[in-house]
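*Asks:* Can you read through this structure? Questions will come right after.
The values are calculated or read from the model by the stated rules, or taken from the named source; none is laboratory data. On a predicted model such as this, the values are computed, not experimentally measured, just so you know. Cβ atoms come from the backbone with ideal geometry, glycine included; neighbour counts cover every protein chain shown. All accessible areas refer to the heavy atoms of the entire protein, side chains included, with ligands and DNA or RNA removed. Shrake-Rupley method; radii C 1.70, N 1.55, O 1.52, S 1.80 Å.
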Amino acid sequence: IVIAQASNLSSNKIISENPRFDFIRALEWLNINCGFEKRNNLPKLHKTVVLGKNVALEADVIIGEGTIIEHNVTIMAGTKIGNNCLIRANSVIGSDGFGYERMQDGTPVKFIHLGGVEIGHNVEVGAGTCIAKGTLDNTIIEDNVKIDNLVHIAHNCVIKKGAFIIASSVLCGGVEIGEETWVAPNATITQKAKIGQGALIGLGAVVTKDVQIK
């Protein structure tokens, strides 16, 4: 990294040949030397929450009224789940996403994930589904979303109200799914693609660009 300070500016700047890699390095330096907000509060559950066997809840988890968490679910630090949700068995919510950059010699360097997962009300998350937390912002699942079994939702995805995400679908990082959209089984959506309101993504589709509904 080359750090330069111009005489007519009040701030420093970083000149980089690999901005993403150096951004990761800067976050790591800040985390080591300054530290980010620590999550160390006990989970907060409404008294009506039902927990199955072998449920693991990390710090600062919040779960709302009437929500059911089935067996062997892991909910990681900073996850918020609203009212009347159903989280089915063996799901993992709030783990790190898959984010890496390579050094010049090919060694991978991990992108620190500082965000969380926010799940609204009346949401269902199917068995064996994984929802990754965001890098800097949160992964967001809005009200009335229904997610089937064995779905992967990567970091920083936004799934808007009433969308259906069906079995074995894969949403890559930063995907946005519009309200009442249907994503059929085994569909794969590339990172940062935006799917418009009411769209239908067909069986086994591979989506490589935005899908807009007029």
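*Asks:* Restricting attention to region 37-45, does a residue exist that is modelled with pLDDT of 80 or more and in contact with a His (Cβ under 6 Å, 6 or more places away or on another chain)? Can you show your working first?
*Replies:* The initial filter retains those residues of region 37-45 that are modelled with pLDDT of 80 or more, namely 41-45.
Filter once more, keeping what is in contact with a His (Cβ under 6 Å, 6 or more places away or on another chain): none.
Checked against the condition, which is being modelled with pLDDT of 80 or more and in contact with a His (Cβ under 6 Å, 6 or more places away or on another chain), region 37-45 yields no hits at all.
*Asks:* Does region 122-150 hold any residues that are more than 17 Å from Leu200 (Cβ to Cβ) and of a type in the set (A, V, I, L, M, F, W, C), and which are they?
*Replies:* At the first step, the residues of region 122-150 found to be more than 17 Å from Leu200 (Cβ to Cβ) are 122-144, 149-150.
If the condition is that a residue be more than 17 Å from Leu200 (Cβ to Cβ) and of a type in the set (A, V, I, L, M, F, W, C), then Val123, Val125, Ala127, Cys130, Ile131, Ala132, Leu136, Ile140, Ile141, Leu150 are the ones that fit.
*Asks:* Give me the residue from region 1-36 that is within 28 Å of Gly78 (Cβ to Cβ) and loosely packed, with under 10 Cβ neighbours inside 10 Å and, out of that set, modelled with the lowest pLDDT.
*Replies:* From region 1-36, those within 28 Å of Gly78 (Cβ to Cβ) are 19-36; that's our starting set.
Those still in the list that are loosely packed, with under 10 Cβ neighbours inside 10 Å too: 32-35.
Values: Ile32: 73, Asn33: 73, Cys34: 68, Gly35: 63.
Selected residue: Gly35.
*Asks:* Of all residues in region 58-75, count the ones that are free of Cβ contacts under 8 Å to residues at least 24 places away in the same chain, closer than 21 Å to Gly134 by Cβ and open to solvent by 50 Å² or more (accessible area, probe 1.4 Å).
*Replies:* 1
*Asks:* Let me spell it out: the conditions are (1) buried (at least 21 other Cβ atoms within 10 Å of the Cβ); (2) of a type outside the set (Asp, Glu); (3) assigned to a strand (DSSP E or B), and Ile140 meets all of them except one. Which number is the exception?
*Replies:* The one condition Ile140 does not meet is (1).
*Asks:* For region 116-137, which positions are part of a loop (DSSP other than H, G, I, E, B) and open to solvent by 10 Å² or more (accessible area, probe 1.4 Å)?
*Replies:* In the first step, residues of region 116-137 are kept if they are part of a loop (DSSP other than H, G, I, E, B); the result is 116, 120-123, 126-129, 133-137.
Answer for region 116-137, where residues must be part of a loop (DSSP other than H, G, I, E, B) and open to solvent by 10 Å² or more (accessible area, probe 1.4 Å): Gly120, His121, Asn122, Ala127, Gly128, Lys133, Thr135, Leu136, Asp137.
*Asks:* Might you let me know whether region 97-120 holds any residue that is among the acidic types (Asp, Glu) and at pLDDT below 95?
*Replies:* Yes.
*Asks:* Name every residue in region 185-214 that is of a type outside the set (Lys, Arg), over 26 Å from Gly99 (Cα atoms) and in contact with a Gly (Cβ under 9 Å, 6 or more places away or on another chain), in order of residue number. Quick ask: steps written out before the conclusion?
*Replies:* Filtering region 185-214 for residues of a type outside the set (Lys, Arg) gives 185-191, 193, 195-208, 210-213.
Those left that are additionally over 26 Å from Gly99 (Cα atoms): 197-200, 202-203, 212-213.
Selection gives Gln197, Gly198, Ala199, Gln212, Ile213.
*Asks:* Let me ask something additional. Which residues, counting only those in region 76-107, are open to solvent by 20 Å² or more (accessible area, probe 1.4 Å) and part of a strand (DSSP E or B)?
*Replies:* Within region 76-107, Lys80, Leu86, Val92, Ser95, Tyr100, Glu101, Arg102 qualify.
*Asks:* Something else now. Identify, please: which residue in region 158-207 is in contact with a His (Cβ under 8 Å, 6 or more places away or on another chain) and in a loop (DSSP other than H, G, I, E, B) and is, among those, surrounded by the most Cβ atoms within 10 Å (Cβ to Cβ)? Outline the logic, then answer.
*Replies:* Taking region 158-207 and keeping what is in contact with a His (Cβ under 8 Å, 6 or more places away or on another chain), we get 169-171, 173-174.
Adding the requirement that they be in a loop (DSSP other than H, G, I, E, B) leaves 169, 173-174.
Values: Ser169: 25, Gly173: 20, Gly174: 20.
Among those that are in contact with a His (Cβ under 8 Å, 6 or more places away or on another chain) and in a loop (DSSP other than H, G, I, E, B), it is Ser169.
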